[in-house]
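Working notes, structure below.
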Amino acid sequence: MSLITAENISVSLGRTPILKDINFSVETGETLAIVGETGCGKSLLCKTLLNILPQSLSVNGNIWFNIADKKRINILSSGEQILKTIRGKEIGMVFQDAFASLNPVIKCGKQISDVLAVKSKTDHRTKKSRIFSLLEIVGLADVTRIYNLYPHQLSGGMQQRMALAIALAGNPRLLIADEPSSSLDSIAQKQYLDLLNRLKHAINLTLILVTHDLDEAFAFADKMLVLYAGYTAEYGNTVDIRTAPAHPYTKALLDIYQAFRENRQPTPLPGEIPSLGNPPAGCRFHPRCYRVQPACAEQAPPKKDLSGRHYTWCFNPIE
Amino acid sequence: MVSYVIKRIAESIPTIIIGITLTFLVIHLSPGDPGSRFMDPSQPSEYREILQNRFGLNDALHIQYIKWLKQVLFHFDFGNSFYNGKPASGMVFSALRPTMLLAICSLIFALIVGIFLGIIAAVYRDALPDRILTAKMMFFFSTPSFWLGIMLLGIFSIKLGWFPASHLTSLYHDQLNWSGRFADYVHHLILPVITLGLPLSATFYRYIRTGMIEALESEYILASRARGLSVSKLLFHYSLKNSLIPLISVLGITIPALLSGALVVEVIFSLPGLGRTMVSAVFSRDYPIILAASTLAFVTVIVGNLLADVIYSMVDPRIRIKTQGVL
């Protein structure tokens, strides 16, 4: 049974759909990479998975999470009491902007300790030693000093590791990492991703990694979900998508990625990402697509099963 | 932190001297003189000279000023009241106690009401409770305390007779035991505290509401929700601490308003405080009392501001580091 399964997730603001019919599932121990350009709804999807979206947004669909003893619950229809047992304890999340996600007026140690207190009531000494070991696990040195520091006293890399330590404090089985390394320099980025990979194997963590860096996705992910303007373009096994992209958008992304690797000048996609308030009818990618057909402008493309583990949403996929 | 406080105190001494110098000048240059207030118009003018000499008012203004300043700075002596001959500093200090009692009680009342209602309004943002509270608080925000005081006095004291209309204690106060005296104080203070505290709570309410809304929409609160923290923890610990920061910064500028408000409220409710002492001193041209009272008001305002700054740096760790760096 999959650890988490998303069925037809749609998020809309009034009548404007922001995310539409997103489907995926992640098995225990797997890594799913969600890729796409800025503004395609990746972060929104992550927040939907924890049901922490503002009330102004309406959410439809089901998110099934497999809790212990083979029982599963629907995160989107569960009450706050049940969600409290899921958030932080079963699913941890690292936000895109680590500094903004840390409370500026509460010491780092206390912020971890608050999460530990939710998980179980333990005495102060046990809690403190658990915090120190968490800080060490995420690769922070001088843990006793860091325990008493405020977030603004840490460097960008340390803040990112602190956010990870807090996300891991509740011993979650699933970790959602929303572009965790985007604000770091390339060396810190590499170190951080290595750490994530090591942790994943050490504590058998299931990972949903949001990224716009295909290198990251190819290096870590077993599966990929390619989003474009709130719609799924392609979903499937990483190797399949890398070797045989079916959606023209995925193909364009891969071409640019390949050009950078070979030090060539990449050919940018014509046009711009559509605004979510006034998206084009039919397939949202059709105004920029070189394989466009008359049907593309009329209705949303259907799901096409390519190999049982590789799907695309396109009228005219690349065979 | 200690060096910061010492530096701020040292910096405030010239401010106090400038303030009391201005007060000295304004009082002495304003028309009317204390001597003539003691005189019957039919008495010969020599009597007036004698009185002026006794009060030291016949010297040139700058001589009077230097004499007075020396006395104040080196002996902490503000002279004696023209009326009853008692030391001005002693009279003013004893009048300060009821004023401080009123001001501190009103501040606590305003903080409790403002913070509590501000949190409720932020949680129910744009819904009915928020709209009702914001409308009510705007009303109190724009209400002058003298009007509110007279209304409360008229309704709860004169019409309903629930609370006393004047004074801080009852006539039989000294015969009461400890708890009885406390209850007597509370009974007398309720109306003055509401009069002074309610408009102030409206100011605090606005700051807390805005601060809480900003905090509740922030990424760190969303992240804390994602960590599974309880609603009470999110509201009263994670959001409130952040939204207190702007409130503390207004606290410093609220203290002068609180003191000047206290003067009005004391006059309305006939409380034996600094305000009533000052007003009667102004009417009777009792210079030593006016100067001692205004010096005390200057000091109170400056100490209040300093306290607000210190609390501010205690709540916001980001400021603390900056002050350490600068000093």
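The values are calculated or read from the model by the stated rules, or taken from the named source; none is laboratory data. Keep in mind that this is a model prediction, so the values were computed, not measured. Positions of Cβ are backbone-derived with ideal geometry, glycine not excepted, and every protein chain shown enters the neighbour counts.
Residues being more than 14 Å from B:Gly228 (Cα to Cα), within 14 Å of another protein chain (Cβ to nearest Cβ), free of Cβ contacts under 8 Å to residues at least 60 places away in the same chain and touching a Cys at 6+ places or on another chain (Cβ under 8 Å) are entirely absent from the stretch A:132-140.
Could you go through the stretch B:27-40 and let me know if any residue there is of a type in the set (Ser, Thr, Tyr), more than 30 Å from B:Leu251 (Cα to Cα) and modelled with pLDDT of 85 or more. Within the stretch B:27-40, not a single residue is of a type in the set (Ser, Thr, Tyr), more than 30 Å from B:Leu251 (Cα to Cα) and modelled with pLDDT of 85 or more. Assessment of the stretch A:171-179 against the conditions (over 26 Å from A:Glu216 (Cβ atoms), more than 9 Å from chain B (Cβ to nearest Cβ) and part of a loop (DSSP other than H, G, I, E, B)) yields no matching residue. Suppose we filter A:Thr38, A:Thr5 for residues that are part of a loop (DSSP other than H, G, I, E, B) and either within 13 Å of the chain's Cα centre (by Cα) or away from chain B (no Cβ under 14 Å) (or both); which single one remains? Every option except A:Thr38 fails the conditions.
One line per residue, one yes/no per condition, for (1) of a type outside the set (D, E, K, R); (2) surrounded by 22 or more Cβ atoms within 10 Å (Cβ to Cβ); (3) more than 21 Å from A:Thr48 (Cβ to Cβ):
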{"site": "A:Arg161", "(1), (2), (3)": "no, yes, yes"}
{"site": "A:Leu168", "(1), (2), (3)": "yes, no, yes"}
{"site": "A:Ser186", "(1), (2), (3)": "yes, no, yes"}
{"site": "A:Gln191", "(1), (2), (3)": "yes, no, yes"}
{"site": "A:Arg198", "(1), (2), (3)": "no, no, yes"}
{"site": "A:Asp215", "(1), (2), (3)": "no, no, yes"}
{"site": "A:Val226", "(1), (2), (3)": "yes, yes, no"}
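Every test in (1) surrounded by fewer than 16 Cβ atoms within 10 Å (Cβ to Cβ); (2) within 14 Å of chain A (Cβ to nearest Cβ) is passed by B:Ser179 save one, and that test is (2). Counting only strands (runs of 3 or more DSSP E) that fall entirely inside the stretch A:42-120 and contain at least 2 residues that are out of contact with any helix residue (DSSP H, G or I) (no Cβ under 8 Å at 6 or more places or on another chain), buried (at least 20 other Cβ atoms within 10 Å of the Cβ) and more than 8 Å from chain B (Cβ to nearest Cβ), no element qualifies. Filtered by the rule that a residue be of a type in the set (Ser, Thr, Tyr) and within 12 Å of chain A (Cβ to nearest Cβ), the stretch B:203-231 gives B:Ser218, B:Tyr220, B:Ser224, B:Ser230. For the stretch B:20-35, the condition of being closer than 16 Å to B:Val303 by Cβ and out of contact with any Asp or Glu (no Cβ under 7 Å at 6 or more places or on another chain) holds for at least one residue. Find the residue count for the stretch B:121-169, including only residues that are in a helix (DSSP H, G or I) and farther than 28 Å from B:Tyr185 by Cα. So the answer is 14. Quick one: would you say A:Asn316 is more than 25 Å from A:Thr16 (Cα to Cα), modelled with pLDDT under 90 and not small (Gly, Ala, Ser)? Yes, satisfied. I'd like to know if the stretch B:266-280 contains one or more residues that are surrounded by fewer than 16 Cβ atoms within 10 Å (Cβ to Cβ) and over 30 Å from B:Ser89 (Cβ atoms). Taking every residue of the stretch B:266-280 in turn, none turns out to be surrounded by fewer than 16 Cβ atoms within 10 Å (Cβ to Cβ) and over 30 Å from B:Ser89 (Cβ atoms). Does at least one position in the stretch B:81-96 carry a residue that is touching a helix residue (DSSP H, G or I) at 6+ places or on another chain (Cβ under 7 Å), among the β-branched types (Val, Ile, Thr) and at pLDDT 80 or above? Checked against the condition, which is being touching a helix residue (DSSP H, G or I) at 6+ places or on another chain (Cβ under 7 Å), among the β-branched types (Val, Ile, Thr) and at pLDDT 80 or above, the stretch B:81-96 yields at least one hit.
In the stretch A:248-264, the residues that are within 15 Å of A:His212 (Cα to Cα) reach residues that are of a type in the set (D, E, K, R) with C-beta atoms within less than 6 angstrom, at least six apart or across chains, in these pairs: A:Thr250/A:Glu234.
Scanning the stretch A:255-297 for residues that are exposed (fewer than 13 other Cβ atoms within 10 Å of the Cβ), in a loop (DSSP other than H, G, I, E, B) and polar (S, T, N, Q) yields A:Asn263, A:Gln265, A:Thr267, A:Ser275, A:Asn278.
Of B:Leu200, B:Leu244, B:Leu171, B:Leu258, all but one fail to be out of contact with any strand residue (DSSP E or B) (no Cβ under 6 Å at 6 or more places or on another chain), within 14 Å of another protein chain (Cβ to nearest Cβ) and under 30 Å from B:Leu274 (Cβ atoms); the exception is B:Leu244.
May I ask you to say which residue of B:Gly114, B:Gly90 is under 30 Å from B:Ile311 (Cβ atoms), of a type in the set (Gly, Ala, Ser) and either assigned to a helix (DSSP H, G or I) or touching a strand residue (DSSP E or B) at 6+ places or on another chain (Cβ under 9 Å) (or both)? On inspection, the qualifying residue turns out to be B:Gly114.
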